[in-house]
Amino acid sequence: MKGIILLSGILAFSGAAFAQTPEEKGLAIAVEADRRDQGWGDQATTSKMILRNSQGAESTREIRGKALEVEADGDKSLTIFDTPRDVKGTAFLSFTHTLKPDEQWLYLPALKRVKRISSSNKSGPFMGSEFAYEDISSQEVAKYKYKFIKDDKFNGRDVFVMERYPQYKKSGYTRQVAWIDKEMYQPLKIEFYDRKKSLLKTLTQHEYKQHLNKFWRPGRLEMVNHQTGKSTTLIWKSYKFKNGFSKRDFDRNSLKRAR
Amino acid sequence: MKKVISLALLICSSSLWVNSVWSNEWSGNINFEAKHFSNDALSSSQFNDYASVSIQPEWFHEWDGGKQLFTFVPFARWDQRDDERTHSDIRELSWLKVFKSSELRVGVRKVFWGVSESQHLVDVINQTDLVENMDGEDKLGQPMINYALIQDWGTLDLFVLPYFRERTFPGIDGRLRTTLHVDTDNPVYESSDKENHIDYAVRWSHSIGDWDIGLSYFDGTSRDPSFTWPALDADGNLSLRPIYYLMQQTAIDLQATKEAWLWKVEAINRRVNNESYNAATAGFEYTLNGVFETASDIGIVMEYLYDDRKALASTPFEDDLMLGLRWTKNDVHDTSVLLGVIADLDDSSRLYSLEASRRLGESWKLNIEARVFNGITDTTSPLYSFRQDDFIQLELGYYF
């Protein structure tokens, strides 16, 4: 991360002196977004996913999460499933990394078994939803290459429109187009283009609130799959910061007792 | 056993009274099961159709800011025909306390060790609840004191196991049993302390990059019984008595996670009844994501099962190959199908299995399980007595 901060300093300097290329400007926006979201430390969340099929039939998932910010690498997270009832107590531990594969363990409560799982399924659906694992894992600057497209307005707010191209292996996307709010440096909308370069999904993020006078978090996410007609609403019911989590809250022992 | 339970209860109750903040919750499931055997049984006391119901509620309470946990999971099953399968158990009755770099877990619990799918050689803490399922994955609650030291160099688990649980076996009316049923009322023990023999175990486990490793040692009563020569049970029927020998087992389990490949090894050395033998399971699991332009995954599992006692082994899997194909639809219903076969490399015996499951609505789950015993001609194989026991089972579970 430090390398990137240094790089951004050089970019900001060179940007002042010379005209930036669209790639440099895109990277500078991503670096600034990352800088503004540093220092949150840890967070605990409760959320609810509503899965809809093309006929509109709904199914819900209740999830709790804990996350720990890790400097110079991806974050650690623990996800616990409360519903559907048959998977209650199933928990998922993830150590994300920028470019090398994430480390992931799944806890199966019926067998009391912790299973190390492959993290190569980036494009697979999370809990049968329209969110892929790569959509919900921690967003690190080095995971993408960037390109600034234009300044624009979105729902009356000033935005940067930029493209980003996944640099990690096994992504389901060739390209993402993001509408980044100029005040919050958070995405309001992201379009996902599949491996055949056709529009696959659109994500919109709503009801942003600022926490600890610094960190913007959305209250609701809407993901629509244009190819299947399915959609998923992800409602963040609560965010809690400064929980005093340590790496001990994110090991295989804590995974086994996660509830 | 009673001592450990009362100790756990005492610690819990004393802590509970001090705390006024409650975060208790109930959950659990009720399962309805129907099992059909396609061939007539070897014994006239057995049937072709069996119905059964089980219930497993769970009460969980957390306090002290999540640093103390109490769990109670009773289990009960009623079986239409087999009195031995009609049984109950305390799956869990435990108190757990989290310290900065350690955890203390006291009471009746279940512990899983290992990485492989076809058999679980390393996993020796809990007794198998064999009447539940012949696959051996259902376990009886084990009373224990378990202290885990959690450090940067890994987790060191120390176990004191003060009470031994006998394996459950199908009764004379049940299927999937030995030709002579097992007389569970008259077990034989090597130790004069019988079921009160205190067992000890230690395990070190760690993750280093792509590698997950476990080393373990167990000293106590073997969970796998041998059998006596046929003897008469209380009803005057010829039966087998289980013999529980003392054993010392040293084991290693290892998994390397290399992108979509999981490479796995479990190996044990066991000293029991004046002999020493080695056994191992080794293989891989490979997952293809997003097959046929869908969200589906296909997993391929292959494992080699070995026991150096060969034909004298107490297990049927002494030189066998397991092949499995797992289809995960990744849909809203969590639909999945697992097809498998364990083939003996020295003769024609094949054990085929099918496991499929799907959620119905938000609270119900349908499971289908089928097994076929094919080409079992070796009269000395432990599978020989199952040769007529091909079955299909439907299970409908309600989760609350």
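The values are calculated or read from the model by the stated rules, or taken from the named source; none is laboratory data. In this text, all values refer to a predicted model and were calculated from it rather than measured experimentally. FYI the Cβ positions are ideal-geometry reconstructions off the backbone, even for glycines, and counts take in every protein chain you see.
Results for (1) buried (at least 20 other Cβ atoms within 10 Å of the Cβ); (2) more than 8 Å from every other protein chain (Cβ to nearest Cβ); (3) over 30 Å from A:Leu27 (Cβ atoms), shown as yes or no for each residue.
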{"residue": "A:Leu78", "(1), (2), (3)": "yes, yes, yes"}
{"residue": "A:Thr98", "(1), (2), (3)": "no, yes, no"}
{"residue": "A:Leu108", "(1), (2), (3)": "no, yes, yes"}
{"residue": "A:Leu111", "(1), (2), (3)": "no, no, yes"}
{"residue": "A:Lys122", "(1), (2), (3)": "yes, yes, no"}
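Of all residues being touching a strand residue (DSSP E or B) at 6+ places or on another chain (Cβ under 6 Å) and under 30 Å from B:Asp157 (Cβ atoms) in the stretch A:235-255, which is nearest to the other protein chains (Cβ to nearest Cβ)? Just the residue, please. Write out each step before concluding.
If we filter the stretch A:235-255 for residues that are touching a strand residue (DSSP E or B) at 6+ places or on another chain (Cβ under 6 Å), which is where we start, we get A:235-241, A:243, A:245, A:250, A:252-253, A:255.
Subset that is under 30 Å from B:Asp157 (Cβ atoms): A:243, A:245, A:250, A:252-253, A:255.
Numbers: A:Asn243: 10, A:Phe245: 11, A:Phe250: 12, A:Arg252: 7, A:Asn253: 6, A:Leu255: 11 Å.
Step by step, filter the stretch A:235-255, then rank; the result is A:Asn253.
Pull out all pairs, ordered by first then second residue, where Cβ-Cβ is under 6 Å, the residues are six or more apart or on different chains, the first lies in the stretch B:296-321 and is within 25 Å of B:Ile243 (Cα to Cα), and the second is outside any loop (DSSP other than H, G, I, E, B) and among the charged types (D, E, K, R). Close Cβ pairs (under 6 Å, with a partner that is outside any loop (DSSP other than H, G, I, E, B) and among the charged types (D, E, K, R)) amount to B:Leu305/B:Asp320; B:Ala313/B:Asp307; B:Thr315/B:Asp307; B:Glu318/B:Asp307; B:Glu318/B:Lys310.
Every residue, every condition in (1) more than 21 Å from the chain's Cα centre (by Cα); (2) under 27 Å from B:Ile252 (Cα atoms); (3) assigned to a loop (DSSP other than H, G, I, E, B), yes or no:
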| position | (1), (2), (3) |
| --- | --- |
| B:Ile90 | no, no, no |
| B:Trp95 | yes, no, no |
| B:Glu103 | yes, yes, no |
| B:Glu117 | no, yes, yes |
| B:Val160 | no, yes, no |
| B:Tyr163 | no, yes, yes |
| B:Gly171 | no, no, yes |
| B:Leu180 | yes, no, yes |
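Please work out which residue is surrounded by the fewest Cβ atoms within 10 Å (Cβ to Cβ), limiting yourself to the stretch A:42-69 and to residues that are among the aliphatic types (A, V, I, L, M) and under 26 Å from A:Gln139 (Cβ atoms). In this case the residue turns out to be A:Ile50. Does A:Thr232 satisfy the condition of being under 17 Å from the mean Cα position of the chain (by Cα), away from every other protein chain (no Cβ under 14 Å), at pLDDT 95 or above and part of a strand (DSSP E or B)? Considered against the rule, which asks whether it is under 17 Å from the mean Cα position of the chain (by Cα), away from every other protein chain (no Cβ under 14 Å), at pLDDT 95 or above and part of a strand (DSSP E or B), A:Thr232 comes out as no.
Picking from residues in the stretch B:80-108 that are buried (at least 20 other Cβ atoms within 10 Å of the Cβ), of a type in the set (D, E, K, R) and free of Cβ contacts under 8 Å to residues at least 60 places away in the same chain, the one that is farthest from the other protein chains (Cβ to nearest Cβ) is B:Asp89.
Taking A:Gly56, is it assigned to a strand (DSSP E or B) and small (Gly, Ala, Ser)? Considered against the rule, which asks whether it is assigned to a strand (DSSP E or B) and small (Gly, Ala, Ser), A:Gly56 comes out as no. Applying the selection to the stretch A:165-178, what residues are in contact with a helix residue (DSSP H, G or I) (Cβ under 7 Å, 6 or more places away or on another chain) and away from chain B (no Cβ under 14 Å)? Within the stretch A:165-178, A:Pro166, A:Gln167 qualify. Counting only strands (runs of 3 or more DSSP E) that fall entirely inside the stretch B:218-303 and contain at least 1 residues that are among the charged types (D, E, K, R), the qualifying elements are B:246-258, B:261-272, B:275-288. Inspect the stretch A:131-154 for any residue being under 30 Å from B:Arg358 (Cβ atoms), away from every other protein chain (no Cβ under 14 Å) and either out of contact with any Ser or Thr (no Cβ under 6 Å at 6 or more places or on another chain) or of a type in the set (Val, Ile, Thr) (or both) and give the result as yes or no. Yes.
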